[in-house]
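What follows is one structure encoded as structure tokens, with my remarks underneath.
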């Protein structure tokens with residue numbers, strides 16, 4: 001590249017466009033959910049009761065808090081408080097790890113009971129229950145992948161901030177990583193009631 | 001180069017919004033334990049939408065961004081609504 | 001005719017010398033050239049597959065291949081031509097070459113992302129090749145990967161789906177880049193109302209790339225997950241719905257056809273004013289109809305599904321919406337023709353391809369209405385009429401627009417002019433051969449010949465033979481065209497800045513352009529893109 005040109009607003013706008021693509025990506029799974037729910041309302045209810053509402057709630061609170069910490073991290077850096085920023089970034093990553101560990105235990109239990117995509121046990125539980133769990137695993141799985149990617153992004157940016165490559169004058173990388181993280185939170189805000197809270 | 005960055009959002013704002021999100025989470029769990037029939041899903045989606053709006057406008061700074069950003073978001077949501085809605089002209093009427 | 005084969009400008013000017021100066025470039029012009037080479041190579045392979053299909057169909061019964069090979073051939077033909085050729089072709093090659101220059105910018109908003117986009121394309125291409133030679137071999141499902149066959153067949157659907165996913169990711173990144181660039185990097189005086197129409201179409205296309213492509217992303221992921229886990233998401237016996245697959249697939253793949261045609265329409269909107277030496281008729285109608293096509297094209301996907309078992313209500317809704325999307329396209333056709341009226345017409349090679357585009361696209365578009373009307377579609381669905389229709393718009397439209405772009409802009413980016421007479425002969429063979437091939441195909445489709453079949457009843461023999469002979473005439477035209485362009489690149493006469501006497505910004509800088517496009521100072525624009533007063537063509 002021949003010319004150094006800086007356009008923070010353009011960088012943020014590009015990130016927002018990328019986030020739209022992520023929303024549409026997940027929407028395919030939500031469309032399948034909506035159709036299956038309308039076809040199998042009682043079985044969806046039955047299946048939802050099999051999910052552990054405590055794990056779901058804790059994970060929701062974990063992610064909402066992690067959204068807070070990354071938002072605070074950006075403000076901290078903008079106010080020149082580099083150390084606070086770093087603490088908040090690593091806290092966010094810590095919360096992400098907590099989320100993934102919770103998921104690991106939650107899924108181990110379910111898989112241990114024979115409930116996983118394509119399992120015979122699941123097939124015997126009825127088409128609606130099967131559809132629910134298939135979509136649950138694929139949606140939460142894709143979401144978990146995004147948690148991992150988001151946490152990695154924040155870790156990289158935190159290291160760059162520590163090395164003063166991201167500063168209080170030039171923080172678009174942190175800002176965009178935070179935007180990505182908030183998207184991860186947003187997806188879960190919908191996953192939680194739709195899968196864990198059906199009566 | 002970005003005007004809104006000259007004014008960092010104070011911690012207090014974020015913490016207040018976070019509290020609101022926690023409260024809304026409690027509400028959504030509580031309401032989901034009450035039998036409202038077909039209304040349950042719409043209430044759940046409604047509360048989720050309110051929570052999302054708080055995250056989008058405050059945590060993601062959309063309220064400080066220019067109109068272009070808001071038009072972009074609206075465009076995406078309209079297209080999404082069309083995808084879902086038109087699919088249901090098939091699914092609901094078989 | 002000059003001897004030298006070294007180019008100047010951005011071909012020589014690069015932060016890094018040698019091959020790394022290409023593989024690690026962030027210069028939009030070099031990335032555009034790399035894309036152009038890849039898509040031409042893809043086209044040649046895809047065209048050979050197409051010729052093989054036609055050769056098999058020259059007579060009833062087996063001619064050169066068995067049924068499994070035939071299925072693999074048309075599947076690969078579709079995957080290559082759609083995902084690896086048409087979707088990237090004009091946006092990624094000519095969009096990259098021209099978008100920044102057209103708006104007076106030095107590069108796109110995200111040059112490194114642009115390079116990443118090209119690497120995603122190359123990875124997708126590599127995976128597509130791997131899919132042919134590994135696993136169960138080339139997929140035999142058709143490029144549409146319909147369930148249940150795609151989840152059950154032993155061919156390497158997963159690898160091909162992953163390839164398409166990477167190609168889609170490349171497309172998304174290009175879309176993000178172009179939308180941001182148009183909003184943020186227009187030079188001083190380049191208002192929305194002074195942008196060339198090509199930019200408007202690239203902009204509208206970029207929005208489709210951003211908003212529609214992720215849907216094929218998730219669909220392809222679901223196919224792979226189904227093949228791995230056997231969950232039964234699209235299996236009715238296990239709570240799934242195979243028609244839902246078609247919805248998810250076409251929610252992208254219909255807007256995808258607008259990705260394939262809109263930039264082509266933009267090219268035509270550049271070529272016609274130049275060779276009629278008259279401003280484009282109805283600038284704002286053309287600009288806004290580009291946005292309208294992008295929007296309306298997102299509403300009509302299930303017109304591919306009238307025979308799938310979906311509800312009658314949906315059939316009515318989508319049929320109605322499909323008629324609406326024809327309107328902005330028709331506006332464009334009327335405006336191009338109106339631009340010609342009382343113009344000073346020069347039938348240079350780019351103009352010939354542009355006029356052929358209008359003819360082919362009109363026929364294809366009318367065929368599209370016959371298919372969009374649900375009643376007639378029930379008869380025509382899955383016949384070769386459909387195949388003829390989409391080749392008319394995608395090849396006769398999109399393909400010819402690409403050829404127009406090549407003949408119009410390759411001289412600018414190489415500084416050399418090809419032989420016009422040879423180009424016109426090639427065009428003639430291509431145009432005649434094309435129409436013979438696909439008109440015969442549409443005719444035999446109306447008579448009832450199914451698509452994707454490697455055999456047919458004896459009554460269809462004559463038309464199939466005519467279609468195949470037409471494909472040979474086309475092939476000769478293509479060969480002459482490519483050889484002529486290649487000769488032009490290597491040994492063509494050097495040209496100045498503006499051989500065509502056109503009025504957009506690329507014709508105000510050297511041929512080929514220097515690395516930073518406009519030199520040290522950013523340009524300031526004071527007039528519109530089709531104001532020819534005072535514009536003088538350079539002799540060549």
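Of all residues in region C:257-288, those satisfying the criterion of being over 18 Å from residue C:348 (Cα atoms) and surrounded by fewer than 24 Cβ atoms within 10 Å (Cβ to Cβ) are C:257, C:281, C:282, C:283, C:284, C:285, C:286, C:287, C:288. Any residue at all in region C:496-509 that's at pLDDT 95 or above and touching a strand residue (DSSP E or B) at 6+ places or on another chain (Cβ under 8 Å)? The answer is yes; a qualifying residue exists. Restrict the check to region C:29-46 and report whether at least one residue is more than 24 Å from the chain's Cα centre (by Cα) and touching a residue at least 40 places away in the same chain (Cβ under 8 Å). Within region C:29-46, none of the residues are more than 24 Å from the chain's Cα centre (by Cα) and touching a residue at least 40 places away in the same chain (Cβ under 8 Å).
Inside region C:146-254, counting only helices (runs of 4 or more DSSP H) that do not spill past its ends, which hold 1 or more residues that are at pLDDT 95 or above and closer than 19 Å to residue C:105 by Cβ?
Answer list for region C:146-254: C:157-184, C:197-229.
Does residue C:306 satisfy the criteria of being in contact (Cβ under 8 Å) with a residue 40 or more places away in the chain, within 14 Å of chain B (Cβ to nearest Cβ) and touching a helix residue (DSSP H, G or I) at 6+ places or on another chain (Cβ under 8 Å)? For residue C:306, the condition - in contact (Cβ under 8 Å) with a residue 40 or more places away in the chain, within 14 Å of chain B (Cβ to nearest Cβ) and touching a helix residue (DSSP H, G or I) at 6+ places or on another chain (Cβ under 8 Å) - is met. When you scan region C:232-245, do you find a residue that is buried (at least 24 other Cβ atoms within 10 Å of the Cβ), under 30 Å from residue C:292 (Cβ atoms), within 8 Å of chain A (Cβ to nearest Cβ) and touching a residue at least 60 places away in the same chain (Cβ under 8 Å), even just one? Within region C:232-245 (the criterion being buried (at least 24 other Cβ atoms within 10 Å of the Cβ), under 30 Å from residue C:292 (Cβ atoms), within 8 Å of chain A (Cβ to nearest Cβ) and touching a residue at least 60 places away in the same chain (Cβ under 8 Å)), the answer is no, since none of the residues qualifies.
Across region C:153-168, what is the number of residues that are more than 17 Å from the chain's Cα centre (by Cα) and touching a residue at least 40 places away in the same chain (Cβ under 8 Å)?
9
Checked against (1) modelled with pLDDT under 95; (2) under 30 Å from residue C:232 (Cβ atoms); (3) touching a helix residue (DSSP H, G or I) at 6+ places or on another chain (Cβ under 7 Å), residue A:183 passes all but a single condition, namely (1).
Yes or no, residue by residue, for (1) touching a residue at least 60 places away in the same chain (Cβ under 8 Å); (2) within 14 Å of another protein chain (Cβ to nearest Cβ); (3) not in a loop (DSSP other than H, G, I, E, B):
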| site | (1), (2), (3) |
| --- | --- |
| C:496 | no, no, no |
| C:514 | yes, yes, no |
| C:519 | no, yes, no |
| C:526 | yes, no, no |
| C:533 | no, no, no |
| C:539 | no, no, no |
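A residue that is modelled with pLDDT under 95, touching a helix residue (DSSP H, G or I) at 6+ places or on another chain (Cβ under 7 Å) and surrounded by fewer than 14 Cβ atoms within 10 Å (Cβ to Cβ) can be found somewhere in region A:100-121. Among the residues making up region C:438-470, a single one is within 21 Å of the chain's Cα centre (by Cα) and more than 21 Å from residue C:142 (Cα to Cα): C:439. Being free of Cβ contacts under 8 Å to residues at least 60 places away in the same chain, more than 9 Å from chain C (Cβ to nearest Cβ) and within 16 Å of the chain's Cα centre (by Cα) is the filter here; which residues of region A:108-140 pass it? The answer is A:140, and nothing else. Of the helices (runs of 4 or more DSSP H) that lie entirely inside region C:312-383, those containing 2 or more residues that are within 21 Å of the chain's Cα centre (by Cα) and closer than 23 Å to residue C:292 by Cβ span C:312-340, C:349-372.
Among the residues of region C:271-299, those identified as more than 9 Å from chain B (Cβ to nearest Cβ) and under 21 Å from residue B:76 (Cβ atoms) are C:288, C:290, C:291, C:292, C:293, C:294, C:296, C:297.
Being within 17 Å of the chain's Cα centre (by Cα) and buried (at least 19 other Cβ atoms within 10 Å of the Cβ) is a property that does not hold for residue C:150. Within region B:59-81, the set of residues being away from chain A (no Cβ under 11 Å) and over 30 Å from residue B:10 (Cα atoms) comprises B:78 only. The set of residues in region A:37-83 being part of a loop (DSSP other than H, G, I, E, B), more than 8 Å from chain B (Cβ to nearest Cβ) and surrounded by fewer than 17 Cβ atoms within 10 Å (Cβ to Cβ) consists of A:52, A:80.
The values are calculated or read from the model by the stated rules, or taken from the named source; none is laboratory data. Being a predicted model, the structure only gives us computed values, none of them experimental. Methodologically, a virtual Cβ is constructed for each residue, glycine included, from the backbone with ideal geometry; neighbour enumeration extends over all protein chains shown.
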